[in-house]
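What follows is one structure encoded as structure tokens, with my remarks underneath.
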Amino acid sequence: MIGIPGGRFAMGSPASEPGRFDAEGPQHYVSVRAFALGKYDVTTEEFLLFLKDTGYQPRPCNSILGESWHSPGHGLAYPPYDVLPRRWPAVCLDWSDAEAYVAWLNAKVRAARPLLAGKKGPYRLPSEAEWEYAARAGTTTARWWGAEIGRNNANCNGCGSNWDYRELSDVDSFQANPFGLYGMLGNAWQWTADCWHPSYVGAPSDGSAWTAKDCTKHVVRGGSWDNVPEFIRSAARSGSTRDGGEYDYSSLAGFRVARNLP
């Protein structure tokens, strides 16, 4: 994991940013406390370890095509696709699957360190504000490497990489951002802790997750291998359901883990 220094930043995008969506406003300042974030997305190999240890069974991300992780128990688990290299980001996951992985990780930590029993965390999904702050890594341009998509900076439908609009790539296929984080933009959408809100009106200014009791749609960030460059921006955001409908992005979504720092 990478330690992310605390700071204050302008979250969202200015009206002048090419490719901007209305959901990225109003732009507002957020203060973020220091935290740690996974250097990479959780990989296929890592998620299989979780399934083998627990027997947890994710729901299909595409019930029509039968795309689903398979966890029959007895220390066995299989990815949803015949070819899913171990260093690809684990996808075909909804928000509850990411939360289940985090809960397993925390249980492992508490078992190893009994003094943490009864305490919250330390691992969790990042808030949407933390995610954008980490993706920007101190920059204010549309992408951490600049305003334009360029070539071979990420994996998307028009990013100029070897994997564009064909398949996932390894989590470390591209250069890290200034914070040392790999793959924050493109390749696979990433789940955050937040419920979806169509704008930032009323959003927290302290970097915490914006949640709700009746949340049926959670925020995904970063874009994926089949998205056009407009989605491969630090401010781009979308909300995903888990109902197999038009706004269910789970077949293209994975996650990375955050943790609190003392």
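The values are calculated or read from the model by the stated rules, or taken from the named source; none is laboratory data. Since this is a predicted model, take the numbers as computed values, not measurements. Every residue, glycine among them, receives a Cβ derived from its backbone with ideal geometry; neighbour counts consider all protein chains shown. These area figures cover heavy atoms from the full protein model, side chains too; ligands, DNA and RNA do not enter into them. Shrake-Rupley method; radii C 1.70, N 1.55, O 1.52, S 1.80 Å.
What to note about this one:
- Taking each residue of region 112-125 that is over 15 Å from Ala209 (Cβ atoms) and looking for partners that are assigned to a loop (DSSP other than H, G, I, E, B) with beta-carbon atoms closer than 9 Å, six or more apart or interchain, yields Leu116/Pro122; Pro122/Leu261.
- As for region 128-141, it holds at least one residue that is under 15 Å from the mean Cα position of the chain (by Cα), closer than 14 Å to Ala188 by Cβ and either of a type outside the set (Lys, Arg) or surrounded by 15 or more Cβ atoms within 10 Å (Cβ to Cβ) (or both).
- Test: residue in region 169-178 that is farther than 15 Å from Val220 by Cβ, touching a Phe, Trp or Tyr at 6+ places or on another chain (Cβ under 6 Å) and either modelled with pLDDT under 95 or not in a loop (DSSP other than H, G, I, E, B) (or both): no
- Positions within region 81-126 being open to solvent by less than 60 Å² (accessible area, probe 1.4 Å), of a type in the set (Asp, Glu) and out of contact with any helix residue (DSSP H, G or I) (no Cβ under 6 Å at 6 or more places or on another chain), in sequence order: Asp97
- Condition check for Asp164: farther than 30 Å from Asp53 by Cα and of a type in the set (D, E, K, R): yes
- Exactly one residue out of Asp194, Asp243 is at pLDDT below 95 and over 19 Å from Pro89 (Cβ atoms), and it is Asp243.
- Some residue of region 240-250 being aromatic (Phe, Trp, Tyr), under 28 Å from Pro122 (Cβ atoms) and assigned to a strand (DSSP E or B): no
- For region 180-229, the set of residues classified as touching a residue at least 40 places away in the same chain (Cβ under 8 Å) and of a type in the set (Ser, Thr, Tyr) consists of Tyr182, Thr192, Ser199, Tyr200, Ser205, Ser208, Ser224, listed by residue number.
- Out of Asn153, Asn157, sole residue that is assigned to a loop (DSSP other than H, G, I, E, B), open to solvent by 20 Å² or more (accessible area, probe 1.4 Å) and touching a Cys at 6+ places or on another chain (Cβ under 9 Å): Asn153
- Scanning region 74-90 for residues that are closer than 16 Å to Tyr56 by Cβ and in contact with a Ser or Thr (Cβ under 9 Å, 6 or more places away or on another chain) gives Ala77, Tyr78, Pro79, Pro80, Ala90.
- Only one of the listed residues (Gly245, Gly180, Gly254) is in contact with a strand residue (DSSP E or B) (Cβ under 6 Å, 6 or more places away or on another chain) and surrounded by fewer than 19 Cβ atoms within 10 Å (Cβ to Cβ). That residue is Gly180.
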